[in-house]
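Structure first, then comments.
The values are calculated or read from the model by the stated rules, or taken from the named source; none is laboratory data. If you're wondering where the values come from, they're calculated on a predicted model, not measured in any experiment. Because the Cβ atoms are built from the backbone with ideal geometry, glycine has one as well, and the counts that use them run over all protein chains shown. Just so you know, the surface numbers come from the protein's heavy atoms only, side chains and all, with ligands and any DNA or RNA stripped out. Shrake-Rupley method; radii C 1.70, N 1.55, O 1.52, S 1.80 Å.
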Amino acid sequence: MILSPSILAADFSRLGDEISKIEAAGAQWVHIDVMDGHFVPNITFGPPVVKCISKVCNLIKDVHLMIDNPEKYVDAFLDSGADIITVHHECNMDYEYVKNAVKKAGKLLGISIKPKTDVSVIKEYIDDVDMILLMSVEPGFGGQKFMPDSIERAKEIRKIYPEGYLQIDGGINLSNAPLVVEAGVNVLVAGSSVFGAEDIEKTVQEFIKL
Ligand code: DX5
Ligand code: ZN
């Protein structure tokens, strides 16, 4: 199982150490939540942080853009070392621009849907994208409770999108992870349950064994 720990729950004053811990424990990706205070009611960080992360690890940098007009910033994130760029179906964007920029850079493209968005909208993207990101909380904050109807939604997505990465994000822990994996998810994002764990290494290892 691929685990993409979300650094939103890490100690930003020791970000390099926190990332080293998850890398040493066997996580394959690192999930970087970019928020603009507009598409979502919270602000995080931008390309310079992605660039610093690129220097301290060999993890796949999985950049989740919760921003409007990602076409304005996609090139900067790609130049900073992003390996996967995920944008939201619900945001204002020039999708063609984003798609072409990511493809031209030889990187992976993801499309994300919020918990209330009809899963059928993914049909318009499945020929282009490498990953569907199913939000299992309203985007904007870490530490929220997993929405259980996400399990059915994951199964629905798998009927439309049987191959490729299906990532889930929001409230994932070691109790609900087996259920979403059974529903067809193959990439787990986890913030608080990884960085808030007493034993980060053991927790990462339990996730990747799923
Ligand atoms: C929420 C973010 C998530 C968040 C997950 O908007 O997209 O990636 O950091 O954090 P947890 O695992 O704590 O719900
Ligand atoms: Zn995220």
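Pick out the one residue from LYS61, LYS51 that is open to solvent by 60 Å² or more (accessible area, probe 1.4 Å) and either under 14 Å from the mean Cα position of the chain (by Cα) or of a type in the set (Lys, Arg) (or both). Let's see the steps before the verdict.
On the way: LYS61 fails: open to solvent by 60 Å² or more (accessible area, probe 1.4 Å).
None of the other options fit; the residue is LYS51.
Run down TYR95, TYR165, TYR125 and say which single residue is among the aromatic types (Phe, Trp, Tyr) and open to solvent by 60 Å² or more (accessible area, probe 1.4 Å). If you could, list the steps in order and put the result at the bottom.
Details: TYR95 fails: open to solvent by 60 Å² or more (accessible area, probe 1.4 Å); TYR125 fails: open to solvent by 60 Å² or more (accessible area, probe 1.4 Å).
From the options TYR95, TYR165, TYR125, the qualifying one is TYR165.
Say whether the condition of being within 21 Å of ILE208 (Cα to Cα) and in a loop (DSSP other than H, G, I, E, B) is met by at least one residue in the stretch 89-106. If you could, list the steps in order and put the result at the bottom.
Let us first name the residues in the stretch 89-106 that are within 21 Å of ILE208 (Cα to Cα), namely none.
Among the residues of the stretch 89-106, not one is within 21 Å of ILE208 (Cα to Cα) and in a loop (DSSP other than H, G, I, E, B), which makes the answer no.
Looking only at residues in the stretch 168-203 that are farther than 21 Å from GLU23 by Cα and among the polar types (S, T, N, Q), which one is surrounded by the fewest Cβ atoms within 10 Å (Cβ to Cβ)?
Per the stated criteria, the residue is SER175.
Do we find that ALA105 is away from ligand 2 (no atom under 16 Å from the Cβ), touching a helix residue (DSSP H, G or I) at 6+ places or on another chain (Cβ under 6 Å), open to solvent by 30 Å² or more (accessible area, probe 1.4 Å) and small (Gly, Ala, Ser) in this structure?
Values: away from ligand 2 (no atom under 16 Å from the Cβ): yes; touching a helix residue (DSSP H, G or I) at 6+ places or on another chain (Cβ under 6 Å): yes; open to solvent by 30 Å² or more (accessible area, probe 1.4 Å): yes; small (Gly, Ala, Ser): yes.
Judged against the criteria, ALA105 is a match.
Are any residues in the stretch 1-33 open to solvent by less than 50 Å² (accessible area, probe 1.4 Å) and over 27 Å from ALA183 (Cβ atoms), and if so, which ones?
Within the stretch 1-33, ALA10, LEU15, GLY16, GLU18, ILE19 meet the criteria.
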